[in-house]
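Bear in mind that the values in this text are calculations on the coordinates, not laboratory data. Here the structure is a predicted model, which is why all the values come from computation and not from measurement. Positions of Cβ are backbone-derived with ideal geometry, glycine not excepted, and every protein chain shown enters the neighbour counts.
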C-alpha cells in the first residue's frame, strides 16, 4: 500500500476497468448440467503508475460475480502494487469472504491474473519465468467431446485425431445409456490413446460402482467428478472398490478444498482452475499440495478466451506435476478478444516468449462481444422448466 501524499510506486495499480463478454460457441455445448450457447467471461484491465497495463480474465457463469468484482475486488486492488498478490488475496478473504470463498474466487481471479500480466510486462519476463521457469516446452491438450450422438462423436473424435491430439475427454452423465455409448464411440476411434470421462456429479454411489464396472473394458485414464461435489467420503469409498482412477474438479474449487481432498484421500487426480481457486498463484500453491503426496494435476476448462488460455499454458509449463493434458474448449469458440489468439498445433500449445501472458487485447472485439446478461450457463432454453439434479441417477 502507498503512503498518502507520496508519489505512487511504478508498480502501483492506479486504474481499472472491465468488460463482460459473451463469446458464442460454434454450436451449443450440451452437458449434464445444461446447454451452453456461449462462454461468458469477465475481462479486467489494470493500469499501473508506470503506464503499463495488464489483462486478466475469469469465468462468469452466475450473476453475483460481476457485482463482487465491482463493489469489493477492484476497490481493494487499487490499494496495492502488482507485486502484492498474496496480500491482495488475503485482503479479499478478510473482507468477509473467508466465510464465502466460492463467492469471491472467480471475481478475484481476473484481477489477480491482470496483476501478474502487468508485472511480467513491466519486468520483460513471461509468467512462467516468474514462477521458477519452464519445466516443459509444450503443453498437450485433451480434445473435448460433447453430446450423446455416437455417430457425431466418432466423427468429431476422428477430426481431433487427424489434428494430432493424443488425449481425449468425453462428457457423460446425461443418461445411463449414453454413458456407455459415448465412451464406446470415442474409444473405437482413438484406440489406445488416453481417454477420460467426465460425469459432472450425475451419479449416485451405487450407480458409480455399477457404471465403472461396465466401463472397465474401455480402460479410462480417469473418471472425473463421478459423485456430487460435497461427497468426499463417497469418492474415498469409490477409490477403494474399483480400479479406475478418480479425478475431482468441482470438489476442488478452493485451496482449502484441495487440502481436504488430499487429507481425505479422495482423489487420484485433481483438476485445478485458476478462476475457481482465486488466481494463478493459488493454483500453483494447490498443485504443490498435491505434488507433496504424489498426486498429478491438470486444468479444467470453462471456455477460456485468449488471456486465460495463455495463463493455462504458463501454469502447465511451470508446474512439474501438471503432467496430464489440460482441458480446453478452444475448438468450439467462434472468435477471441486478443489480437493473436493461441494456436493449437498437433494437439499442443507452444510456450509463449513475450512478457506477461504473451497476448494483447483486441479492444474492438472486447467492445463487440460485450454483453449485459449471462446466457443459459446452467439451464437449457429448449427445455423450459428443466434443471439439472445432482445426483441424477
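In terms of its Cα atoms, the range 128-358 spans 50, 42, 27 Å along the principal axes, sorted from long to short.
Helix 150-162: angle to the longest alpha-carbon principal axis of the chain, degrees 0 to 90, nearest 10? Once rounded, the angle reads 50 degrees. Figure legend: label point modelled 7 angstrom from the Cα of residue 292 along Cα→Cβ; residues of the range 235-277 with amide N under 13 Å from it are 256, 258-264.
Counting Cα-Cα pairs of the chain in 20 Å increments starting at 0 gives whole-percent bin shares of 29, 60, 11, 0.
One Cα centroid belongs to the range 318-393, the other to the range 109-164; the line between them spans 9 Å. Of all beta bridges that DSSP places with both ends in the chain, some 60 percent have antiparallel geometry. Among beta bridges identified by DSSP and lying wholly in the range 128-358, the antiparallel ones come to about 15 percent. The overall shape of the range 13-124, judged from the alpha-carbon gyration tensor, is oblate: a/c is not under 1.5, and a/b is no greater than b/c. A straight chain from residue 383 to residue 134 at 0.36 nm per residue would run longer than the Cα-Cα distance by 85.0 nm. Between 226, 355, 217, the GNM of the chain built on Cα springs shorter than 10 angstrom shows 217 fluctuating the most.
For the range 46-68 versus the range 174-218, the inter-centroid distance based on Cα atoms is 38 Å. For the range 239-367, the extents of the C-alpha atoms along the principal axes are 52, 26, 26 Å, listed from largest to smallest. For the chain, the 222 nm mean residue ellipticity estimated from helices alone, with every DSSP H stretch of n ≥ 4 adding -39500 (n - 2.57) and the total spread over all residues, rounds to -10000 deg cm²/dmol.
If I stretch the segment between residue 363 and residue 7 completely, what's the gain in nm (0.36 nm per residue apart, minus their alpha carbon distance), one decimal? Please report the intermediate quantities before stating the final value.
Numbers: separation 356, 0.36 × 356 = 128.16 nm, distance 2.98 nm.
So the extension gain works out to 125.2 nm.
Among 73, 146, 270, which one shows the biggest mean-square fluctuation in a GNM of the chain, springs joining Cα atoms closer than 10 Å? Residue with maximal mean-square fluctuation among 73, 146, 270: 146.
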